[in-house]
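Here's the structure we're looking at; comments come further down.
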């Protein structure tokens with residue numbers, strides 16, 4: 001289910017969920033990027049070609065404004081998550097504390113860990129590629145995690161990958177917040193099971209819903225911009241997603 005609308009609206013969220021409860025809220029909300037201003041206070045112009053200035057990147061006046069935004073969408077989404085479920089929310093340094101605070105107030109006070117994406121640069125001279133810590137997903141729970149059993153694999157907490165390792169970003173609009181399948185797969189396999197529902201409140205170009213469907217999960221997705229919502233719908237019906245639904249691991 002892909003719904004075009006504002007994730008801050010309870011009616012939109014209810015329409016996306018259709019009475020179901022997700023086991024995992026995995027989403028990539030706008031990061032806490034502050035409005036770029038000159039020394040005199042005037043807003044800086046956007047630069048063509050810079051990913052950080054590309055639509056639909058949203059900027060906030062200050063961290064307090066970002067916290068208000070987080071408080072408008074996260075509590076209802078968190079409360080919809082089924083008992084024993086998990087939140088995995090992508091963020092940057094400035095957004096971490098607002099998300100932790102609002103999530104705690106919504107019943108998810110336990111930071112189980114931070115899933116780190118070490119982002120590879122493009123190839124340079126001599127095929128050199130550098131990996132730098134670039135983005136993290138906060139993994140939040142209602143209660144602390146139990147100890148792993150002797151036959152259980154360790155939980156993954158990091159991945160190294162480039163922005164568009166599989167070519168899906170360029171195929172679906174080169175959204176500035178695209179996450180490749182290889183980055184999302186460990187989160188989906190660790191914190192959800194085949195057949196369960198995954199909620200994404202900020203669909204973008206559909207990276208998260210496409211990865212979830214590919215791994216046999218059901219999806220509920222909200223996207224504000226009609227153009228991007230249509231891309232998500234088309235992507236979920238594309239040949240890069242549908243044939244992989246047999247993957248039930």
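The values are calculated or read from the model by the stated rules, or taken from the named source; none is laboratory data. Keep in mind the model is a prediction, meaning the values are calculated, not measured. Heads up, the Cβs are rebuilt from the backbone with ideal geometry, glycines too, and the neighbour counts pull from every protein chain shown.
Kindly check whether there is at least one residue in the stretch 124-135 that is within 16 Å of the chain's Cα centre (by Cα), closer than 20 Å to residue 188 by Cβ, at pLDDT 85 or above and surrounded by 15 or more Cβ atoms within 10 Å (Cβ to Cβ).
yes
Residues 186, 144: which one is within 18 Å of the chain's Cα centre (by Cα), within 18 Å of residue 86 (Cα to Cα) and at pLDDT 85 or above?
Within the list 186, 144, the selection yields 186.
Rundown of residues vs (1) outside any loop (DSSP other than H, G, I, E, B); (2) surrounded by fewer than 10 Cβ atoms within 10 Å (Cβ to Cβ); (3) modelled with pLDDT under 55; (4) in contact with a helix residue (DSSP H, G or I) (Cβ under 6 Å, 6 or more places away or on another chain), yes/no style:
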{"site": "15", "(1), (2), (3), (4)": "yes, no, no, no"}
{"site": "20", "(1), (2), (3), (4)": "no, no, no, no"}
{"site": "25", "(1), (2), (3), (4)": "yes, no, no, yes"}
{"site": "30", "(1), (2), (3), (4)": "no, no, no, no"}
{"site": "47", "(1), (2), (3), (4)": "no, no, no, yes"}
{"site": "52", "(1), (2), (3), (4)": "yes, no, yes, no"}
{"site": "58", "(1), (2), (3), (4)": "no, no, no, no"}
{"site": "64", "(1), (2), (3), (4)": "yes, no, no, no"}
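Working only within the stretch 189-203, note down all residues that are in contact with a helix residue (DSSP H, G or I) (Cβ under 6 Å, 6 or more places away or on another chain) and either part of a loop (DSSP other than H, G, I, E, B) or modelled with pLDDT under 95 (or both).
Hits for the stretch 189-203 are 201, 203.
Considering only the stretch 173-180, I want to know if a residue exists there that is surrounded by fewer than 23 Cβ atoms within 10 Å (Cβ to Cβ), in contact with a strand residue (DSSP E or B) (Cβ under 7 Å, 6 or more places away or on another chain), in a loop (DSSP other than H, G, I, E, B) and modelled with pLDDT under 95.
Yes, the stretch 173-180 has at least one match.
Quick check on residue 155: is it in a strand (DSSP E or B), on the phi < 0 side of the Ramachandran plot and either modelled with pLDDT under 95 or in contact with a helix residue (DSSP H, G or I) (Cβ under 7 Å, 6 or more places away or on another chain) (or both)?
No; evaluated as a whole, the condition is false for this residue.
Any idea which residue in the stretch 158-170 is nearest to residue 26 (Cα to Cα), counting only those that are part of a helix (DSSP H, G or I) and free of Cβ contacts under 8 Å to residues at least 60 places away in the same chain?
Within the stretch 158-170, the match that is nearest to residue 26 (Cα to Cα) is 169.
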